[in-house]
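Structure, as C-alpha cells:
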Amino acid sequence: MSDPVALHNPYFYQKPGQKDIWSLINETAAQAQQESGKPIVNLGQGFFSYNPPEFVIDAMGDALSKPQYNQYASARGNPNLLKQVADHYSKAYGRPVDISEVQITTGANEGMFSVFFGFLTPGDEVIVFEPFFDQYIPNIEMTGAKIKYVQIKYPKKFDNETVSGEDWEIDWEGLESAITDKTKLIVINTPHNPIGKILTEDELVKIGKIAIDHNLILVSDEVYENLYFQDKFPRPAALKQLPELAERTLTVGSAGKSFAATGWRVGYIQGPAPLIKFVTAAHTRICFSVPAPLQQAVATGFEQADKLNYFEKTRQEYTKKYELFTKVFDDLGLPYTTAQGGYFLLVNLSKLKIPKDYEFPAPIADRGTLDFKLAYWLIKEIGVVGIPPTEFLTEGNRKGNGLENCIRFAVCKDDSILQDAIDRLKKL
C-alpha cells in the first residue's frame, strides 16, 4: 500500500525545520518590532485594518438578539442569505438565479474545498493557473487528485516598466497540452491574487470553449468581485458570447472580502442546481453548517448594501488608496502591475540592491529565492511587511522567475497606515 498523498505534499508538511510563509513573515515582523521598539507596518496578509461597515455590525448585533439565529442553521444556508445571494447574482449576471443554485459555506476556502471533495476522486486531474492562491493546492491534493499547472506568463517588460493585467498572458498552448482524459476541473481566479489581473471576456471565452469541448467544470474564484477598477467585471457565468458555459461554471464568492469581515468566514458557491447538490453533500460532511448569526448579518448586509450604494463607494475608496500608495513607487522609479481588481499591489524591486554582505537567517536564506530576502530586508530595515510571491509558484518554477524580484503588498488598510508605509518606503 502506498503512502497517503499528504506525505508527499510539501503544502501539508513543511520541510524539516521550515516554517510556512505566513508564520515566517509574521514572526520576522514581530521580532523586528521587538528589537526596534517601533511599530511595523504590516501590508502582508490580506486582512483589513478597519471594521466592517456600521450597517453590517448593527445587523450582527440584531441577529445575536434573536433566538433562532443562535441555533444550528440549515446545511444549505440561512434562507434569507440564500435569497440575497441569489438576488446578488441575478443582478450581476442579468438573468434569474434561483436559491437552488446557491450553497452557503464557511468562507470561500471551505466552499472551494467542498467543490473539490464534491467532484474529485483519486486519479482525477485539475488545471490550476500559476501563480496561484496557495490554499488551492492542499485542498485539491487532499482528494487524491493531481494538479496540472498552466502559466500566466511573467511579462519581461515588467523588469523595467509598470504593466497592466493584459500584459500577463495565459500560456494557451500549455493549457491545451495540460488537458487529458483524466481532467475534470479548471480553476481560475479573477480578479487575480497576487497579480491583480481581471480575465478579459476574450480570455474567458477561450477558457470556456476548452471547458465545453472537453466536458469540464469551470471553478471561478471571484472573491474580489466587488473590487474592480474598470468599467465592467466579466464573469464566465454571464458571458453573452458563450451562455452555455453557465451550465458548467461554479462561482466562488466571499462575504468576508465584500464586507471587510474576513474573520466571519461566510462564503458562497453559485452554480447550476445539478452541480450545487454535490457541493452541498460535501459541505454537509465537512462542517454541516455556517454560523447562523453571521449568515443573518450578511443577509441584512447585502440588502442594505444596494440601498446605500456600498460596493460602488468602496470601489471609489480603493481607487484612491491605490493612487495614494502607487505614487511612492512612481517617484522611486519602481515598476508595479496596475491592479485591475482586488486589494493587492505587485511591485518589482529588481532595482533595489541589498548589500552583498547582508546576513540572513537560515529560514530565509534556505528558501533560495531573492523575494524572501527582499521581504526580510524590507521588514528589518524599512519596517514594512510584504509577501514574497514565489510562494504562489511551484517549487521548480521559483528560481529565475521574474516574480523572484517582486513583493506583494496589501492595500486593504486605513489611509493612515498606508501613509506610514509610504513614508518608510521613501527611504529606498
Only one of V205, V187 that is in contact (Cβ under 8 Å) with a residue 12 or more places away in the chain and crowded, with 24+ Cβ neighbours inside 10 Å: V187
Condition broken by C406, with the remaining ones in (1) free of Cβ contacts under 8 Å to residues at least 40 places away in the same chain; (2) crowded, with 18+ Cβ neighbours inside 10 Å; (3) in contact with a helix residue (DSSP H, G or I) (Cβ under 8 Å, 6 or more places away or on another chain); (4) not β-branched (V, I, T) satisfied: (1)
Residue match in region 130-153 (condition: of a type in the set (F, W, Y) and under 30 Å from N80 (Cα atoms)): yes
Some residue of region 180-195 being in contact with a strand residue (DSSP E or B) (Cβ under 9 Å, 6 or more places away or on another chain) and part of a helix (DSSP H, G or I): no
Residue check for T394: open to solvent by 10 Å² or more (accessible area, probe 1.4 Å) and among the polar types (S, T, N, Q): yes
The one condition in (1) out of contact with any Asp or Glu (no Cβ under 8 Å at 6 or more places or on another chain); (2) within 23 Å of Q230 (Cβ to Cβ) that Y358 fails to fulfil: (2)
Matching residues, region 19-61, being in contact (Cβ under 8 Å) with a residue 40 or more places away in the chain, within 30 Å of K307 (Cβ to Cβ) and open to solvent by less than 50 Å² (accessible area, probe 1.4 Å): G46, F48, S49, P52, P53, F55, V56, A59, M60
Selection count, region 409-419, where residues are among the acidic types (D, E) and open to solvent by 60 Å² or more (accessible area, probe 1.4 Å): 1
Yes/no for F133 being open to solvent by 20 Å² or more (accessible area, probe 1.4 Å), under 30 Å from V150 (Cβ atoms) and not acidic (D, E): yes
Residue within region 247-266 that is assigned to a strand (DSSP E or B), in contact with a Pro (Cβ under 6 Å, 6 or more places away or on another chain), open to solvent by less than 10 Å² (accessible area, probe 1.4 Å) and not aromatic (F, W, Y) present: yes
Region 270-281, residues that are open to solvent by less than 50 Å² (accessible area, probe 1.4 Å) and more than 21 Å from the chain's Cα centre (by Cα): P272, A273, L275, I276, T280
Members of region 403-422 that are touching a Ser or Thr at 6+ places or on another chain (Cβ under 6 Å) and not in a loop (DSSP other than H, G, I, E, B): L403, E404, N405, I417
Test result for I195, over 30 Å from G301 (Cβ atoms) and crowded, with 18+ Cβ neighbours inside 10 Å: no
T284 assigned by the TED database to the domain that holds E161 and either within 15 Å of R76 (Cα to Cα) or open to solvent by 40 Å² or more (accessible area, probe 1.4 Å) (or both): yes
Single unsatisfied condition, K182 versus (1) among the charged types (D, E, K, R); (2) open to solvent by less than 50 Å² (accessible area, probe 1.4 Å); (3) touching a residue at least 24 places away in the same chain (Cβ under 8 Å): (2)
Test for T200: is it crowded, with 17+ Cβ neighbours inside 10 Å and in the same structural domain as E244 (by the TED database): no
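Rundown of residues vs (1) in a loop (DSSP other than H, G, I, E, B); (2) at pLDDT 95 or above, yes/no style:
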position: F133; (1), (2): yes, no
position: T143; (1), (2): yes, yes
position: Y149; (1), (2): no, yes
position: K157; (1), (2): no, yes
position: E161; (1), (2): yes, yes
position: E173; (1), (2): no, yes
position: S177; (1), (2): no, yes
Test: G342 is on the phi > 0 side of the Ramachandran plot and buried (at least 22 other Cβ atoms within 10 Å of the Cβ): yes
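The values are calculated or read from the model by the stated rules, or taken from the named source; none is laboratory data. Please read these numbers as outputs of a predicted model, since none were measured by experiment. Here the Cβ is made from the backbone with ideal geometry for all residues, glycine too, and neighbour counts use every protein chain on show. With ligands, DNA and RNA removed, areas are computed over all heavy atoms of the protein, side chains included. Shrake-Rupley method; radii C 1.70, N 1.55, O 1.52, S 1.80 Å.
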